[in-house]
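Structure, as structure tokens:
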Amino acid sequence: MGMERFTKAYQDKSKRKKLLIIVLVGVIVGAFMLSTRRVPTETVIEKTNREIKERTQKNVFETTKFNASQAQSIYTGELGTQKDVWLATGQKQLNEQNCIIN
């Protein structure tokens with residue numbers, strides 16, 4: 001009886017048993033993880049309201065006309081660097097002169 005453990009058939013059977021146990025444990029753990037996952041708390045109404053708000057904000061942004069300094073500040077981000085500030089003030093002065101000329 002003790003020599004039976006060393007036969008090829010017995011070793012293959014034990015490998016299949018170990019593989020089956022690993023697969024079953026994986027399935028059980030996966031099912032547990034899926035059953036305890038968080039679901040989004042945002043309701044359908046809140047989601048539609050948020051989407052409508054985002055669309056209207058995008059539409060307002062696309063239809064708003066900007067002068068050059070506003071467009072530049074949007075394009076370059078926050079006018080943080082000295083070069084951007086210098087360009088913005090120069091553009092502001094040009095816009096003021098154009099208004100005076102017109």
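Here, each number is a calculation from the coordinates, and none is a lab measurement. All of these numbers come straight from a predicted model, not from anything done at the bench. All Cβ positions, even for glycine, are placed from backbone atoms using ideal geometry, and neighbour counts span all protein chains on display.
Treating r as the C-beta distance of GLU4 and SER35 and R0 as 41 Å, the FRET efficiency rounds to 0.50. What the phi angles of segment 18-33 give under the Karplus curve with 6.51, -1.76 and 1.60, with θ = phi - 60°, is a coupling list of 5, 5, 4, 5, 5, 5, 5, 4, x, 5, 5, 5, x, 5, 5, 5 Hz, glycine and proline written as x.
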